[in-house]
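Notes follow once the structure below has been shown.
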2 protein chains.
Amino acid sequence: MGGIGMGKRALVALVLGAVAATADPAVAASPKAEVQAWRRTHEKEIVTDFSNLLSLPNVATNLADVDRNAAYISDLLAKRGFKVQLLRAAPGTPASVYAELKTPGAKRTVLYYAHYDGQPIGQKGWITSPFEPAMRTALPEAKPIDWKAATGPLDPDWRLYGRSAGDDKGSIQALISAFDALKASGRKPSVNIKLLYEGEEEQGSAHFAEIVRQNLDLLKTDLLVMGDGPMHQSGKQMINFGNRGIVSFDATVYGPLKPLHDGHYGSWAPSPTVMVADLVMSLRDEDGRILIPGFYDDVTPVSEATKAALAALPPVEPDLKKAMGLGRNVGGPRLADGYLKPTLNIRAINAGDSGPQAANAIATEGRVSVDFRLAPGETPARVKEMTEAYLVQKGWFIVRGTPDTAARLAHPKVIRLDWDEGGSIATMTPIDLPASKAVAASIGRTVGYEPLKMPIVGASSGMADIVNQLKAPMVGVSIANYDDNQHAQNENLRIGNLWDGIEVYAGLLADLNW
Amino acid sequence: MGGIGMGKRALVALVLGAVAATADPAVAASPKAEVQAWRRTHEKEIVTDFSNLLSLPNVATNLADVDRNAAYISDLLAKRGFKVQLLRAAPGTPASVYAELKTPGAKRTVLYYAHYDGQPIGQKGWITSPFEPAMRTALPEAKPIDWKAATGPLDPDWRLYGRSAGDDKGSIQALISAFDALKASGRKPSVNIKLLYEGEEEQGSAHFAEIVRQNLDLLKTDLLVMGDGPMHQSGKQMINFGNRGIVSFDATVYGPLKPLHDGHYGSWAPSPTVMVADLVMSLRDEDGRILIPGFYDDVTPVSEATKAALAALPPVEPDLKKAMGLGRNVGGPRLADGYLKPTLNIRAINAGDSGPQAANAIATEGRVSVDFRLAPGETPARVKEMTEAYLVQKGWFIVRGTPDTAARLAHPKVIRLDWDEGGSIATMTPIDLPASKAVAASIGRTVGYEPLKMPIVGASSGMADIVNQLKAPMVGVSIANYDDNQHAQNENLRIGNLWDGIEVYAGLLADLNW
């Protein structure tokens, strides 16, 4: 990826900041040099291990698949001296892999979270099969490459393609390799280590909060380190201090019971193609403003410290537009500024057939798939309530299943709402807590500059409930390249990001101290 | 179908009108009684012939398929004494079947039009294969029935299901059976008969105008009778005097070059799901009003005679709503009132995956499929011009192919427009021409009441160009039940409609006179 959009002066300032951080004599030296040396002699073993991990199908709608992942990861950790157990909310639900490694004399405990399950793989356009990991050269060429036959170091700009490469098995692999590197160099962790690898994050974490509730003592920690999500677009190491919440629903609207010829009936019969468009444009405008009355009222005002942290982020927007072929953006000019507000995403809008299936017919139904990303202060229950009240005000009659003909006749506009179970609130850990500062300092020692600090990331995670239950601060330390195609076809991890991730995690394991 | 929405008083008035029409001594008696008697003894032969005709695949994107239909229909007509030839605009394009039968001493020539090709069959939900015609009992049960094993007369409420049953092979079958019935009863046509059966109407009639242009002398006629389209929803026999025009396009809009996680990027990256919704709602409102400035300026004002004809149509709307499960309508309360205005139909709107394929990703593209039904006075060229000017005014940069990254970066909103070739203007024959009145009188003699007169139907046909080229009036005499699912899955013809159609066409053939 090589980093984008950071001027030389800013970089110098950050490096000076890092030098200041390493001046504290109470802190152990970074293990970076030994870790790097070990990695250089083990590159192919690491990629082989990672490839094996990625080759296990892990869509959590298939319990047997995720159970195979859980068993495999448990085995990897047990071999490295961890005390491992599988935690399930109930039989027949995906397990979280829990692993523990005590450090004699340590006063602090740090719990590392990631998830080992992956997004569904049905997207069109996978170049290679999602569970047959394949290496490709740097973008934009992305040519297939036989990395096993390569001589010398692997090119850090190569990428390994496969579901969960970036989201999140890359994080799991980096932490395991970090342990191997530390062990090889004789370094011990500075704190007690707990690992919690979830198995159904991409299916909405329906049982994860319950798993935590049942194991509050086991999971007790002074700090949560969250490995989910991509790095900053600049390629600089970033720490984030929370996630937005989420609540989502699918809507179905209804036209005639049978398709009608649109020449004969188009001027008279309501068309689901237009109804879905009207529904979308009544919920938000093209620029992203949510039109549900009072929707922004619950949002926690942004603090000055948070504003300052956001303002300090390097400008990535021009390069991001270029990389994504975007001639404009919506909302405000700064990407991260949007993270402290809610976003209403239209994931899908579909009615009628296009292309070869097209016919001059009025469709019988239309569908819209919506997610709300919630800012701090909002709750899924309140958003659901406000959304439904607004739809009713807009003339919709809400049903929970397929409406019968009587219901369709009795109400001008019928909408079926299927809310996803679960949902989560946002979470934000203060940037200036001692634990927060210790993480930033450790990473600074490893990477040689003050890491970027993101007050909150745009994506959601099941961690909000967990943070609340464990009453522990949480920081996110992501290692995946921002352009890892997570949630989409051709998900990948840049090899250089795996190398850097091993160093960063090894640093945290070895010298975290507060 | 049984007819819907006609009060007893209206019916009496119509019957009285029909009595007055039959009082003219210069007109030959209707052949109805003999035709009905013949049909009663030949029901299974007629349905067998019809079923054979429907079993020939006829989607005009497959030339070999439509050529087989043309050959088959030619053979049917040649056996009945017609002079038949295939007319093609150019080799490799679908043929129109032309057939001629001179009537010694006749002063008038009437050309009957229908099309033998059918809509694409890709729609989901066909109960039986579109080219394996199958009989089912009356709605709503629609149970499979072995009509070949039935004893006694076939139930007129049964329906034969298959592509083109209603649109338009039913019309072709009715006319051929009408000839057979007249021949059996010794009746000769009252005029010279020409038949023209088109082979690519459902693909936009790209070559039909050229076929006519090349054969103006051959096709010379005093009247065009058009057999396409469904009957009035009341089940009463209707004559129509024209069709709306049409012009259509597919639009593609563009988001990021690659799918983006909607949590991280949803507040900043433009989303094609919203862009398509915004596009639709900028073109028309939910109630059907077209928002393109000046769009209604070219529409020919509706004459008082036309208004009176529209007002005289029986109210079908309440029963239509009931049948279609509609709790409301858009536009004005009367269905046919909309036919004298343009309609903008959104045939399809699609962006992002719903259901099992859904992912929290911002889609890369969105598509909208649009057709305009044109009122008299409008032209496809002018509509295209106004639409594009409006899109430009709305900030869209129009491209004709897939835009490259440079184009996407250079313009905030890029839209690819693919206009369908062809398109047609509307056509309207005056209701009070002698030929128009003669058709109404003939049908009145057959059905026993004054037929409904529809100044124009909502659907389009390739006939506008033809009417202009042949400089002949045109009336539409449709026989298909209004709920024939034309253009959709499970297209069908009600058997009673086929019986009535045979009588109506036999009447026109035998006693049309002006």
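Table for the structure above
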{"quantity": "Unique residue being without any contact (Cβ under 8 Å) to a residue 12 or more places away in the chain and not polar (S, T, N, Q) when the list is A:L409, A:L498", "calculated": "A:L409"}
{"quantity": "Of all residues in the stretch A:429-466 being within 19 Å of A:N513 (Cβ to Cβ) and of a type in the set (S, T, N, Q), the one that is surrounded by the most Cβ atoms within 10 Å (Cβ to Cβ)", "calculated": "A:S442"}
{"quantity": "Some residue of the stretch A:61-74 being modelled with pLDDT of 95 or more and more than 24 Å from A:A206 (Cβ to Cβ)", "calculated": "no"}
{"quantity": "Members of the stretch B:52-91 found to be touching a residue at least 60 places away in the same chain (Cβ under 8 Å), of a type outside the set (D, E, K, R) and farther than 30 Å from B:N490 by Cβ, listed by number", "calculated": "B:F82, B:L87, B:A89, B:A90"}
{"quantity": "Residues (touching a helix residue (DSSP H, G or I) at 6+ places or on another chain (Cβ under 6 Å) and within 11 Å of chain A (Cβ to nearest Cβ)) located in the stretch B:232-242", "calculated": "B:Q233"}
{"quantity": "Residue in the stretch A:184-211 that is farthest from A:P434 (Cα to Cα), counting only those that are assigned to a helix (DSSP H, G or I) and modelled with pLDDT under 95", "calculated": "A:Q203"}
{"quantity": "Test for B:G199: is it buried (at least 21 other Cβ atoms within 10 Å of the Cβ), touching a residue at least 24 places away in the same chain (Cβ under 8 Å) and under 21 Å from B:P342 (Cα atoms)", "calculated": "no"}
{"quantity": "Residue list for the stretch B:249-288, restricted to those being in a strand (DSSP E or B) and at the interface with chain A (Cβ under 8 Å from one of its Cβ atoms)", "calculated": "B:D250, B:Y254, B:L260, B:H261, B:R284"}
{"quantity": "Residue that is crowded, with 19+ Cβ neighbours inside 10 Å, small (G, A, S) and at pLDDT below 95, where the choices are A:S51, A:S30", "calculated": "A:S30"}
{"quantity": "Subset tally (residues that are closer than 25 Å to B:G266 by Cα and touching a Gly at 6+ places or on another chain (Cβ under 8 Å)) for the stretch A:199-224", "calculated": "5"}
{"quantity": "Checking A:D511 against (1) surrounded by fewer than 24 Cβ atoms within 10 Å (Cβ to Cβ); (2) modelled with pLDDT of 95 or more; (3) closer than 23 Å to A:R187 by Cβ, the condition it does not meet", "calculated": "(2)"}
{"quantity": "Subset of the stretch A:351-371 [facing another protein chain (nearest Cβ under 7 Å), in contact (Cβ under 8 Å) with a residue 60 or more places away in the chain and surrounded by fewer than 24 Cβ atoms within 10 Å (Cβ to Cβ)]", "calculated": "A:R367, A:D371"}
{"quantity": "Flag if A:D117 is over 20 Å from the mean Cα position of the chain (by Cα) and either in contact (Cβ under 8 Å) with a residue 24 or more places away in the chain or away from chain B (no Cβ under 14 Å) (or both)", "calculated": "no"}
{"quantity": "Matching residues, the stretch B:471-508, being touching a Ser or Thr at 6+ places or on another chain (Cβ under 9 Å), within 12 Å of chain A (Cβ to nearest Cβ) and not small (G, A, S)", "calculated": "B:Y482, B:Q486, B:N490, B:E491"}
{"quantity": "Residue within the stretch A:275-298 that is β-branched (V, I, T) and surrounded by fewer than 24 Cβ atoms within 10 Å (Cβ to Cβ) present", "calculated": "yes"}
{"quantity": "Extreme residue, farthest from the other protein chains (Cβ to nearest Cβ), among residues of the stretch A:303-350 that are among the hydroxyl-bearing types (S, T, Y) and buried (at least 18 other Cβ atoms within 10 Å of the Cβ)", "calculated": "A:T306"}
{"quantity": "Hey, A:A165 assigned by TED's automatic domain parsing to the domain that holds A:Q119 and under 22 Å from A:N497 (Cβ atoms) or not", "calculated": "yes"}
{"quantity": "Of all residues making up the stretch B:158-189, the number that are closer than 19 Å to B:A37 by Cα and of a type outside the set (G, A, S)", "calculated": "10"}
{"quantity": "Long-range neighbours under 8 Å by Cβ, at least six apart or interchain, first residue in contact (Cβ under 8 Å) with a residue 24 or more places away in the chain and in the same structural domain as B:L54 (by TED's automatic domain parsing) within the stretch B:131-146, second loosely packed, with under 12 Cβ neighbours inside 10 Å and charged (D, E, K, R)", "calculated": "B:M135/B:D146; B:R136/B:K143"}
{"quantity": "Long-range neighbours under 9 Å by Cβ, at least six apart or interchain, first residue surrounded by fewer than 24 Cβ atoms within 10 Å (Cβ to Cβ) within the stretch A:153-165, second of a type in the set (D, E) and modelled with pLDDT of 95 or more", "calculated": "A:P153/A:E43; A:L154/A:E43; A:P156/A:D500"}
{"quantity": "Residue in the stretch B:380-396 that is within 14 Å of chain A (Cβ to nearest Cβ), part of a strand (DSSP E or B) and among the charged types (D, E, K, R) present", "calculated": "no"}
{"quantity": "Residues of the stretch A:121-158 satisfying the condition of being within 14 Å of chain B (Cβ to nearest Cβ), under 23 Å from the mean Cα position of the chain (by Cα) and not polar (S, T, N, Q)", "calculated": "A:I121, A:G122, A:K124, A:G125, A:W126, A:I127, A:P130, A:L139"}
{"quantity": "Failed item, numbered, when A:P403 is tested on (1) modelled with pLDDT under 95; (2) more than 8 Å from chain B (Cβ to nearest Cβ); (3) assigned to a loop (DSSP other than H, G, I, E, B)", "calculated": "(1)"}
{"quantity": "Enumeration of residues in the stretch B:115-156 that are more than 26 Å from A:A363 (Cα to Cα) and touching a helix residue (DSSP H, G or I) at 6+ places or on another chain (Cβ under 9 Å)", "calculated": "B:W147, B:K148, B:A150, B:P153, B:L154, B:D155, B:P156"}
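Every residue, every condition in (1) surrounded by fewer than 17 Cβ atoms within 10 Å (Cβ to Cβ); (2) over 26 Å from B:Q85 (Cβ atoms), yes or no:
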site	(1), (2)
B:V97	no, no
B:E100	no, no
B:H115	no, no
B:P130	no, yes
B:L139	yes, yes
B:A142	yes, yes
B:A149	yes, yes
B:F179	no, no
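The values are calculated or read from the model by the stated rules, or taken from the named source; none is laboratory data. Quantities reported herein were computed from a predicted structural model and do not represent experimental measurements. Glycine also receives a Cβ, built like all others from the backbone with ideal geometry; neighbour counts cover every protein chain displayed.
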